[in-house]
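For reference, the structure is listed below as structure tokens.
The values are calculated or read from the model by the stated rules, or taken from the named source; none is laboratory data. Worth saying up front: this structure is predicted, and the values here are computed from it rather than measured. Every residue, glycine among them, receives a Cβ derived from its backbone with ideal geometry; neighbour counts consider all protein chains shown.
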Amino acid sequence: MKFARLLLALLSTLLALPALAHHYTLGALHIGHPWSRAMPAATTSGTVYLKLNNRGPSADRLLAASTPRAASAELHQHLDDHGVMRMRAVPNGVELPPGRSIALAPGGLHIMLMGLTAPLKAGERFPLTLRFARAGKIEVEVKIEDGLMPTP
Ligand SMILES: [Cu+2]
């Protein structure tokens, strides 16, 4: 009886963990909290943010992203052009030096979704495939959030 209760407690902890932590590991790479900002229904584009931590001894590179939620996904960088924020594609991908953490965050690097197949509604999730030069491919879940910053 006591054992059964312990097992149940352990099981529920294990089941709760991925939902709470929401991060992924691919080889030496740690991918933290992929999220997207909710957008008005008429908006046809959106942005995805996440953290990348390269814990390995070799450099890697985020090359591309894709999702069934949008016609295309591009790696972008925000640039402050004399006080005007502009976006620019990052054609060679995002460099991930060994031992470093790189954040795709509002105002900086991001994944631009164009031609959304469905509006980005808060509370929903959608799959996103990330492709890296060294570590390969992984599918992660993107949480759609209401605020300007992700909830931990
Ligand atoms: Cu962009």
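Before moving on, here are some points about what is shown:
- Hey, Ala21 at pLDDT below 90 and surrounded by 11 or more Cβ atoms within 10 Å (Cβ to Cβ) or not: yes
- Only a single criterion out of (1) in a loop (DSSP other than H, G, I, E, B); (2) touching a strand residue (DSSP E or B) at 6+ places or on another chain (Cβ under 6 Å); (3) modelled with pLDDT of 95 or more; (4) surrounded by 13 or more Cβ atoms within 10 Å (Cβ to Cβ) is not satisfied by Pro98, namely (4).
- For the range 27-58, the candidate set comprises residues that are closer than 16 Å to Leu116 by Cβ and assigned to a loop (DSSP other than H, G, I, E, B); within that set, the residue that is farthest from the ligand (Cβ to nearest atom) is Ala41.
- Hits in the range 105-143 (condition: among the polar types (S, T, N, Q) and surrounded by 13 or more Cβ atoms within 10 Å (Cβ to Cβ)): Thr129
- Which listed residue, of Gly83, Gly115, is modelled with pLDDT under 95 and either among the hydrophobic types (A, V, I, L, M, F, W, C) or over 15 Å from the mean Cα position of the chain (by Cα) (or both): Gly83
- Arg88 satisfies every condition listed in (1) of a type in the set (Lys, Arg); (2) more than 14 Å from the ligand (Cβ to nearest atom); (3) surrounded by fewer than 14 Cβ atoms within 10 Å (Cβ to Cβ) except (2).
- Within the range 136-152, residues that are within 14 Å of Arg125 (Cα to Cα) and at pLDDT below 95 reach partners that are among the polar types (S, T, N, Q) and not in a strand (DSSP E or B) with beta carbons closer than 8 Å, at six or more positions or on different chains, in the pairs Glu145/Thr151.
- Residue count for the range 108-139 satisfying the condition of being in a loop (DSSP other than H, G, I, E, B) and more than 18 Å from Gly32 (Cβ to Cβ): 10.
- Filter result for Leu63 (at pLDDT below 95 and surrounded by fewer than 18 Cβ atoms within 10 Å (Cβ to Cβ)): no
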